[in-house]
Amino acid sequence: MAGGQEREPFERVVERHGNTVLRVCRALIGPDGAEDAWSETFLAALRAYPRLRPGSNVEAWLVTIAHRKAIDHARASGSRALPRADLPEVPSPTGVPGESGSWESDLWPALAALPAKQRQAVAYHHLAGLPYAEVAAVVGGSAQAARRAAADGIAALRKARQRSERRRP
Amino acid sequence: MTIWPEAMQEVGAAERERLHAKLEEAAGRAGLLDVAYRTLDTPIGRLLLAATEQGLVRVAFAHEDSDRVLEELSRAISPRVLRAPGRLDEAAREIEEYFARRRREFEVPVDLRLSKGFRRQVLARLPTISYGKTASYGALAAAVGHPGAARAVGTACATNPVPIVVPCHRVVRSDGSPGQYGGGTETKVALLEMEAAG
């Protein structure tokens, strides 16, 4: 084991970061592949875990793995998994967008319509809580570029949401 | 962020369990399940059971801090420690049968890697003391070829990583008093009384 340093049992990693990784997978891949991506991410993490340098930022490490799994996933499924940007609006079951019910119908089409960089920056910063420097380390580019991509992504999501609210009776 | 619907943020308990089960299965298939564990409720309290691919490697009593037990396993064996009850089905079944007095001998494979040298030699010898019988620390020392090492036998028993299944509770003082036990003297007496009752 690297340096014989102590590492907490992997189960603690799953307990602590499982929810965040699932939210990130949902935002990157959507409802259909999110669960598969989650277990692929944790399986890859389990494999590499004994080599993880103690003191590493475990959440950033997991996000990096999820990022790669999402890219693999997108390649494997082509554009099939992504809903078309011009998908007709589906009202949420409660009629109150974004309050409860289905993020699949409300938010995912708007997320899927974002350029990949924006979607990733939004997910890693706003869902996983990574600082922009860490986001940049995952997606490439500078921290400023990551900040800009996240801001543009959020603005586009807000706009999409306003549009869908206006369209609702 | 008001932009995220709550439904996207929420992760239900059932969903977590389903995902976890999927991970357990995939980890087992990939040969990455270095240490699997689960808990088991018994008449002497909640036990923590852990197994490597070789066999049952740890049985911890309720009074032992389970977080610490898992950290020790992570350090001593591998940090690939996962709650994965599947591998412990057989051990759990046998322990349940033992407490229901339907089993007198354990058949589940045991992995004694956490015990070394003389201690391990002593532990390997323990299953020869049959159900309902006891042996003294001194007699066991003699049996492993070190008469006079009764004290060291006591230490071996006290540090038994797989109590109950490796029956260190059957080793008592030469005057017949129970002596120490990792699970507490009361537990030792309770196990011996249960076994004596047949």
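The values are calculated or read from the model by the stated rules, or taken from the named source; none is laboratory data. This one's a predicted model, so the numbers in the text were calculated from it and none came from an experiment. No Cβ is skipped: glycine too gets one built from the backbone with ideal geometry, and neighbour counts run over all protein chains shown. Please note that ligands, DNA and RNA were not included when accessible areas were found on the heavy atoms of the full protein model with its side chains. Shrake-Rupley method; radii C 1.70, N 1.55, O 1.52, S 1.80 Å.
Annotations
- The GluC sites (Glu not before Pro) found in region B:77-160 that occupy coil by DSSP, while having at most 15 further C-beta atoms within 10 Å, are B:Glu105, B:Glu107.
- Value at 222 nm in deg cm²/dmol, rounded to 500, when DSSP H runs of n ≥ 4 in chain B each add -39,500 (n - 2.57): -12000 deg cm²/dmol
- Taking the 1.4 Å solvent-accessible surface of region B:1-94 as the whole, the part contributed by carbon and sulfur is 45%.
- Put the Cα centre of region B:131-195 next to the Cα centre of region B:91-107 and the gap is 19 Å.
- Amide hydrogen neighbours beyond the local backbone of B:Val171, cut-off 5 Å, H modeled: B:Ala135
- Under 21 Å of direct C-alpha separation, and excluding same-chain neighbours fewer than eight residues apart, A:Lys159 reaches these lysines: A:Lys117.
- With contacts taken as Cα pairs under 8 Å and at least 6 residues apart, chain B reaches a relative contact order of 17 percent.
- Listed peptides A:14-22, B:188-196 by packing density, highest first (mean Cβ within 10 Å): A:14-22, B:188-196
- Shielding by other protein chains, A:41-47, mean Cβ within 10 Å: 5
- Counting, for every residue in B:27-40, the Cβ atoms of other protein chains within 10 Å of its Cβ and taking the mean gives 2.
- Based on C-alpha pairs under 8 angstrom that are at least 6 apart in sequence, region B:6-99 has a relative contact order of 29 percent.
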